[in-house]
Amino acid sequence: MRPVSTSFVRSSRPAADSVVVWHARIPGVASSRPSSVPPSRSRTQLRSIRSALRTFLYRWNWNKLLRAGSAEYMPVSADWLWTRGGPAAQGEDMSSLAPHEFSPETTWLNTASYGLPAARSLAAVQRLHAEWVAGRTAPMADETVVDRIRDGFARLIDGASADHIAIGSGVAPLLAPVAAALPAGAEVLLAENEFSSVSMPFVHRQDLAVRVVPLERLADEVRPETALVAVSAVQSADGRVTDLARLRAATLAHGARLAVDITQAASWFPLRFSDADYWVCATFKWLIGARSVAFFAAAPEAADLIRPLGPGWFAAADRWAELYRPVALPATTRRFDSTPDFIGVYAALGGLDLIEEIGVEKIGAHNLALADSFRTGLVNLGYAPVQENSAIVAVPGAGEAADRLQQSGIIASARNGGLRFSFHLYNDETDVERALTAMGENRASV
Ligand SMILES: Cc1ncc(COP(=O)(O)O)c(C=O)c1O
């Protein structure tokens, strides 16, 4: 059990003098960064109780999900609840989960756009570059590193294994075989305001019947003629969460296939492999990986319904034996591989390793606690954020404040007219405080 502490736990943010260095170095960022004033003890205690409840509910939902689909069961222990979320662990849920790995000089609430790299990822990439510059190795000398990230990614989806995973460079091209396999005129169901890498592979085939409905109606709108539903587990624009279990039940009832983008969900959101036929995920956001590395996942029966569109040597069953005599593709989903950027693979491996060390469950509870605390603060300031149990907090209509916030060192994104904040494992309660201060100032200035 961790030592009892009732004082506010400060994360390892840069020391005051390094903040001054930051002001000098980043042009256009004003020097009025709010200081991290610890919240009062009673406020902190209230937060702790709320956090404990939230953590309990998160874990309860998680267990429900696992029990619904498999024999696995993780009992909730009172000790766990107390030590993870109770006053004994004061501040723990709200502190950075990996202070030694991250030292941002801004309040980075922008993981939904791009995650921050961990120190270990940067070190791995630097080591690789040094070896390469010296002519001692080529970046792709060690192919086992790809096996390792394939394994690591599979472990993020309950029920998946490395044989179900293909590596690629982006979500849209990984969805292309799914779109290409549909017969002309097939109905594809999409959610309104879906991220375009999910919708465009289907829309731009031009001979499919694409139907767009509000996200909350998606499951109800699946009908016998629906061939495929494509959706993000967590919406990029505003963080709304798809009820995958309900959607899966609807697609199974009508014989439709389901493709799910987990780019905004993987690492903090519980995922069950049987909940979709096809999965896609970019690693550069919540997996704190690389822009050049993305994954596709499918079980054999779903993979057998589609075919690789442009398999190269990296997808071959025996890569080096088939370099000049391409014969066989593997029976596993690896046949959808395209040759990866190995520098990105090293970066992605660092991110996946760190996420696995901390654990999806813990990251989920942490992210949701921060987001919830921020949402409550926004409401108190008179804003109307999207009410969702999500690590992404969106404030509809406030998008134009993004530049003003950036001047105060708060990095968020303007998306679809709204202002989007995202909370990940490196964020802490001081980030929430700073963003709320800036949002309060923004309110006063308009
Ligand atoms: C939900 C979602 N999917 C995918 C992507 C990335 O797509 P791609 O890899 O095609 O650039 C993003 C963000 O850029 C996203 O928010």
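Remarks
- Unmet requirement for PRO183, which otherwise passes all of (1) farther than 17 Å from LEU352 by Cβ; (2) buried (at least 18 other Cβ atoms within 10 Å of the Cβ): (2)
- Hey, VAL212 at pLDDT 95 or above, β-branched (Val, Ile, Thr) and touching a Leu at 6+ places or on another chain (Cβ under 9 Å) or not: yes
- Residues that are within 16 Å of the ligand (Cβ to nearest atom) and outside any helix (DSSP H, G or I), drawn from region 106-155: LEU109, ASN110, THR111, ALA112, SER113, TYR114, GLY115, LEU116
- Within region 188-215, restricting attention to residues that are more than 23 Å from VAL241 (Cα to Cα) and surrounded by 16 or more Cβ atoms within 10 Å (Cβ to Cβ), the residue that is farthest from the ligand (Cβ to nearest atom) is LEU208.
- Qualifying residue in region 357-370 (condition: modelled with pLDDT under 95, over 23 Å from ILE411 (Cβ atoms) and of a type in the set (Lys, Arg)): no
- Residue under evaluation ARG272, criteria (1) more than 16 Å from the ligand (Cβ to nearest atom); (2) more than 21 Å from ASN367 (Cβ to Cβ); (3) surrounded by fewer than 19 Cβ atoms within 10 Å (Cβ to Cβ), criterion not met: (2)
- Test for ASP403: is it of a type in the set (Asp, Glu), in a helix (DSSP H, G or I) and farther than 30 Å from GLY152 by Cβ: yes
- Residue count for region 387-410 satisfying the condition of being farther than 21 Å from ALA444 by Cβ and among the β-branched types (Val, Ile, Thr): 1.
- Selected residue (criterion: farthest from the ligand (Cβ to nearest atom)) from residues of region 225-240 that are over 18 Å from ALA184 (Cβ atoms) and β-branched (Val, Ile, Thr): VAL229
- When GLY170 is tested against (1) touching a helix residue (DSSP H, G or I) at 6+ places or on another chain (Cβ under 9 Å); (2) more than 23 Å from THR111 (Cβ to Cβ), just one condition goes unmet, and that condition is (2).
- A search for C-beta distances below 8 Å between a residue of region 127-154 that is without any contact (Cβ under 8 Å) to a residue 24 or more places away in the chain and over 11 Å from TYR346 (Cα atoms) and any residue that is of a type in the set (D, E, K, R) and surrounded by fewer than 18 Cβ atoms within 10 Å (Cβ to Cβ), counting only pairs 6+ apart in sequence or on different chains, returns THR137/GLU131.
- Once region 241-256 is narrowed to residues that are away from the ligand (no atom under 16 Å from the Cβ) and either in contact (Cβ under 8 Å) with a residue 60 or more places away in the chain or within 10 Å of ILE157 (Cβ to Cβ) (or both), the residue that is surrounded by the most Cβ atoms within 10 Å (Cβ to Cβ) is ALA256.
- Which listed residue, of ARG307, ARG325, is modelled with pLDDT under 95, farther than 16 Å from ALA141 by Cα and in the same structural domain as SER169 (by the TED database): ARG325
- Any hit, region 156-167, residues being outside any loop (DSSP other than H, G, I, E, B), under 26 Å from PRO311 (Cβ atoms), in contact (Cβ under 8 Å) with a residue 24 or more places away in the chain and charged (D, E, K, R): yes
- Selection count where residues are more than 30 Å from SER422 (Cα to Cα) and either within 26 Å of the chain's Cα centre (by Cα) or within 16 Å of the ligand (Cβ to nearest atom) (or both), scope region 275-305: 4
- The single condition from (1) under 21 Å from the mean Cα position of the chain (by Cα); (2) within 14 Å of the ligand (Cβ to nearest atom) that ILE165 fails is (2).
The values are calculated or read from the model by the stated rules, or taken from the named source; none is laboratory data. All values derive from a computational prediction rather than experimental measurement. Cβ coordinates were reconstructed from backbone atoms using ideal geometry, including for glycine residues, and neighbour counts include every protein chain displayed.
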